[in-house]
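Data first, discussion second: the structure below is written as structure tokens.
Any read-out appearing in this document is the output of simple, stated calculations on the displayed coordinates, not a laboratory observation. Fair warning: this is a prediction, and the values are worked out from it, not measured in the lab. So basically every Cβ, Gly included, is an ideal-geometry build from the backbone, and we count neighbours across all protein chains shown.
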Amino acid sequence: MPVGFSTDAKSRALKHIQAIDAILQKSAPGENDPPFSLSLKDAEAIIDHVSHSLVMDAGFPWDVKAFKVSLNSTLSLRRWV
């Protein structure tokens, strides 16, 4: 996860929060659902929405593309174990 950030203004961040909630509702529609797995597509969509709802502080960039590549690489390695 990134460090050195603030959340964007509520009016701009709200649509991203609602989109994340909608993605998660597909897998866990209840309040106390058990743990679940997300597809890579859904995880990447959540990462995109998170990245659009943050304002990065100077000197603290978050390379979203590299973050997704590392997630994809981790999943690829798990398939071999």
Working note, segment 5-80: Cα radius of gyration (Å, one decimal) and Dmax (Å, whole number) are 14.3, 44
In Hz, Karplus ³J(HN,Hα) per residue of segment 64-73 (6.51, -1.76, 1.60; θ = phi - 60°; x = Gly, Pro): 4, 4, 5, 4, 5, 4, 5, 5, 4, 5
For a test of understanding, tell me how many lysine pairs in the chain have Cα atoms under 18 Å apart, given they are 8 or more places apart or on different chains. 4
Counting only residues 5 or more places away or on other chains, whose amide H sits under 5 Å from the amide H of Asp8 once H atoms are built in the peptide plane? Leu54, Val55
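Peptides 27-34, 44-51: what's the order by average Cβ count within 10 Å, highest mean first?
Working: 27-34: 8.5, 44-51: 17.2.
Top of the packing list down: 44-51, 27-34.
Where does the charge balance sit around Lys41 when Lys and Arg score +1, Asp and Glu -1, over other residues with C-beta under 13 Å from its C-beta? Numbers along the way, then the final one.
Numbers: positive: Lys26, Lys68; negative: Asp42, Glu44, Asp48.
Net local charge, Lys41 excluded: -1.
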Ascending count of other beta-carbon atoms within 10 Å, so fewest first, for Phe36, Phe5: Phe36, Phe5
Kindly provide the helix-only [θ] at 222 nm of the chain, computed as the sum of -39,500 (n - 2.57) over DSSP H runs of four or more divided by all residues, to the nearest 500 deg cm²/dmol? -19500 deg cm²/dmol
